[in-house]
Each structure stands twice: as C-alpha cells, then as structure tokens.
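Notes follow once the structure below has been shown.
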Amino acid sequence: MGENGFNLTMLFNEARQNRISEFAWLDVLISAVVLIEFIIYEGKRIGIKHMWIPIIGTLTVGVSFGLPLFLFLREIRMDKMKTYAHKL
C-alpha cells in the first residue's frame with residue numbers, strides 16, 4: 001500500500017498474473033465463503049449472540065483468524081449450554 005496506495009484494480013490484476021496465484025486467491029475466497037456460511041449456520045443453530053465478530057474478522061484478516069475466533073465463541077456457548085443443562 002505504500003507505493004501504490006489502496007488499488008483494488010491492481011490487486012485483482014496481480015492476483016491473475018498466473019494460474020498458481022489465481023488458484024491461491026480462489027482457494028482463499030472459497031474458504032472464506034464456506035467459513036462464513038458455517039458461522040451463520042452453526043451460530044444460529046446453537047444461539048451464538050455475536051456471530052458478526054468472526055465474520056468481520058474473516059473478511060478483514062482472513063480465515064486463519066475468523067475460524068479460531070468462531071470456535072472459541074462456540075466453545076464458550078457450548079460450556080454455557082452444558083452448565084445450564086446440569087442445573088436442570
């Protein structure tokens with residue numbers, strides 16, 4: 001970003017320079033889309049309140065940030081569900 005600023009056209013063109021880089025970006029894109037779908041589905045299923053946090057993390061940082069964050073929130077929710085079930 002230092003030399004060319006935030007240039008999405010240049011980023012897109014550079015990502016399509018060869019088949020390997022195109023495949024790598026496609027892999028990142030597909031992984032992010034699948035993770036966001038998983039976050040929405042699983043988050044609604046077990047009632048996670050702040051699902052938007054790992055979605056924003058995935059879109060800004062990447063899958064390697066969004067997935068562990070979601071799994072952490074999911075584990076907290078599962079522990080709360082277990083605690084509530086034991087009290088009944």
Among the residues of the stretch 1-23, count how many are surrounded by 12 or more Cβ atoms within 10 Å (Cβ to Cβ) and either among the hydrophobic types (A, V, I, L, M, F, W, C) or touching a Pro at 6+ places or on another chain (Cβ under 7 Å) (or both). 2
Any residue in the stretch 52-67 that is farther than 18 Å from residue 42 by Cβ sitting within a Cβ distance under 9 Å of a residue that is surrounded by fewer than 15 Cβ atoms within 10 Å (Cβ to Cβ)? List the pairs, counting only those 6 or more apart or interchain. 62/28
Residue list for the stretch 39-50, restricted to those being without any contact (Cβ under 8 Å) to a residue 24 or more places away in the chain and either surrounded by 18 or more Cβ atoms within 10 Å (Cβ to Cβ) or in a helix (DSSP H, G or I) (or both): 40, 41, 44, 45
Taking the stretch 68-83 and keeping residues touching a residue at least 24 places away in the same chain (Cβ under 8 Å) and surrounded by 14 or more Cβ atoms within 10 Å (Cβ to Cβ) leaves 70, 73, 74, 77
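Just so you know, all these numbers are worked out from the coordinates, no wet-lab data involved. Model, not experiment: these values are computed from the prediction. We place every Cβ from the backbone using ideal geometry, glycine too, and count neighbours over all the protein chains shown.
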